[in-house]
Amino acid sequence: MHRRPGPQSGISGARLRRIRKQRGVAVRFDLTDMRLFLSVVECGSLTHGARAMHLAVASVSERIAGMEAALGAPLLERNRRGVRPTAAGEALVRHARSILGQVEQMRGELRHYATGLKGRIRLLSNTAALAAFLPPHLCRFLAAHPDLSVDLGERPSAEIVQALAEGRADLGIVADITDVSTLQTHRIAQDQLVVVAGHMHPIATQETVAFADIVGEPIVGVADTALESHLAERAARLGRQLHYRVQLRNVEHVAMLVDAGIGISIVSDALAQTMPRGLAILPLSEPWAARRLYLCARDFQALTPHAQLLARQLTEG
């Protein structure tokens, strides 16, 4: 007895039976099927998904109908805004992203063999580690392993955790203000939060400063979601809110505005040391301002040999 598709699938019973007869009952999705399905889900409609894949809507509809027939369950349900994945569709999205990511990684590694490189490692780092901790370690590692290369990206700690969980990076370096409970970690460095102020600011002559004394000051922020959330939480405990006049990604621009008296900035000491001279750098006096940096991976034992070499360099020096 054939399964009758629900009204949301948009497939007639006769058509579904015809496709199932043509394809059989085995679930066989190729890479094109998975890419096409992800395109439709991410675009939210068959029309936009087909356009993104440079295919006719009828062709896309037929292909997805064939996938549903092979599976024996609907993958999409329609609504007034377009389509959305069913429970089976969500499972397919999760596995398709993982499989396609592994295929791209394989192609990338094989491509680099052809150019003389024998391995690449995907490393993501937060701003603090990239400012001071990473450069000397990477220098020693790349000098010792001329056949290896590192794809290095700078991201907020929270984004790094997500990328590692989804398999989009091999290793990541994050601050302990981010939830890393889903990952394996090694502590690799200490990172002190400091206040950066112009030389004419009233706190410029102090040796340290309490967070409570500057929480009401206008702030020139560095675009770091994890740090922003951490500081907002600390301010809330004091019954206060932080006042960001502007948030910038470029550290030199942050320093320029601080020097002009636009506001103060709260950053890692490693990042502050890269700013131009003449600014006052004062450690925050609270114990929580001493952050720890962690090297993270989904599973250190499951890393490629190349990534394990880099992990050993970063943890053992």
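Highest mean first, how do 173-183, 82-92 rank when packing is the count of other Cβ atoms within 10 Å averaged over residues? Intermediate results must be reported in sequence, preceding the final value.
Values: 173-183: 19.0, 82-92: 17.5.
The packing order, highest mean first, is 173-183, 82-92.
Which percent of the accessible area of the chain is formed by carbon and sulfur heavy atoms (probe 1.4 angstrom)?
51
Quick one: putting +1 on the C-beta of Lys and Arg, -1 on the C-beta of Asp and Glu, what dipole do you get for segment 31-110 around its Cα centre, in Debye to the nearest 20?
In debye, rounded to 20, segment 31-110 gives about 280.
For Rg/Rh (Cα atoms, Kirkwood Rh), the listed values are (1) 1.11; (2) 1.00; (3) 0.94; which was obtained by calculation from the structure presented?
Among (1) 1.11; (2) 1.00; (3) 0.94, the one derived from this structure is (1).
Send over a whole-number figure in Å² for the accessible area per residue of the chain, probe 1.4 Å.
On the way: 16860 Å² over 317 residues.
That works out to 53 Å² per residue.
Assuming R0 = 25 Å, can you tell me the calculated FRET efficiency for the pair Thr304 and Gln190, based on Cβ-Cβ distance, to the nearest 0.05?
0.30
Using unit Cβ charges (K, R positive; D, E negative) and no other charged atoms, how large, in debye to the nearest 20, is the dipole of the chain about its Cα centre?
With only Lys, Arg, Asp and Glu charged at Cβ, the dipole is about 2240 debye.
If I fit a long axis through the Cα atoms of helix 87-114 and take the longest principal axis of the Cα atoms of the chain, what angle between them do I get, 0 to 90°, rounded to 10?
The angle comes out at about 70 degrees.
Restricting to DSSP loop positions (anything but H, G, I, E, B) with no more than 15 other Cβ atoms inside 10 Å of their own Cβ, which trypsin sites (Lys or Arg not before Pro) remain in segment 250-316?
Taking segment 250-316 and a limit of 15 other Cβ atoms within 10 Å, the loop trypsin sites (Lys or Arg not before Pro) found are Arg277.
Tell me the angle of helix 305-316 to the major Cα principal axis of the chain, expressed in degrees between 0 and 90 and rounded to the nearest ten.
20
May I ask for the angle, rounded to the nearest 10°, between helix 225-237 and the longest principal axis of the chain, with both axes built from Cα atoms and the value confined to 0 to 90°?
Tilt relative to the chain: about 60 degrees.
Per 10 Å bin, what percent of the C-alpha pairs of segment 189-268 does each bin hold, from zero upward?
Reading the bins upward from 0: 18, 55, 27, 1.
Label point 7 Å out from Arg107 along Cα-to-Cβ: which residues of segment 46-77 have amide N under 18 Å?
Only 52-55 fall inside the zone, counting backbone N under 18 Å.
Normalise the Debye intensity by I(0) for segment 140-299, one equal point scatterer per Cα, no solvent, then take log10 at q = 0.19 Å⁻¹ and round to two decimals.
-1.20
Picking from Pro74, Ala235, Ala311, whose Cα lies most toward the positive end of the charge dipole for the chain (charges on Cβ: Lys, Arg +1; Asp, Glu -1)?
Looking along the dipole axis, the top candidate is Pro74.
If contacts are Cα pairs under 8 angstrom and at least 6 residues apart, what is the relative contact order of segment 31-110 in percent? Before the final figure, lay out each step's value.
Working: 73 pairs, mean separation 24.2, N = 80.
So the answer I get is 30 percent.
Which FRET efficiency, nearest 0.05, do Ile281 and Met200 yield, Cβ-Cβ r, R0 22 Å? Show your work: numbers first, answer last.
Working: r = 15 Å, r/R0 = 0.68.
Calculated value: 0.90.
For Glu62 and Arg245, compute 0.36 nm times the residue count separating them, minus their Cα-Cα distance, and round to one decimal in nm.
60.6 nm
So how far apart, in nm, are the two label points at His253 and Asp151 if each is 7 Å from Cα heading toward Cβ?
Inter-label distance under the simple model: 2.7 nm.
Quote the charge dipole size of segment 238-317 about the Cα centre in Debye, to the nearest 20; the model charges only the Cβ of Lys and Arg (+1) and of Asp and Glu (-1). Write out the running numbers ahead of the final one.
Numbers: 8 positive and 6 negative charges, 33 e Å.
Result for segment 238-317 is approximately 160 debye, rounded to the nearest 20.
The values are calculated or read from the model by the stated rules, or taken from the named source; none is laboratory data. Here the structure is a predicted model, which is why all the values come from computation and not from measurement. When we count neighbours, we look across all protein chains shown, and the Cβ atoms used for this are built from the backbone with ideal geometry, even at glycine. Heads up: the accessible areas ignore ligands, DNA and RNA and are worked out on the full protein's heavy atoms, side chains in. Shrake-Rupley method; radii C 1.70, N 1.55, O 1.52, S 1.80 Å.
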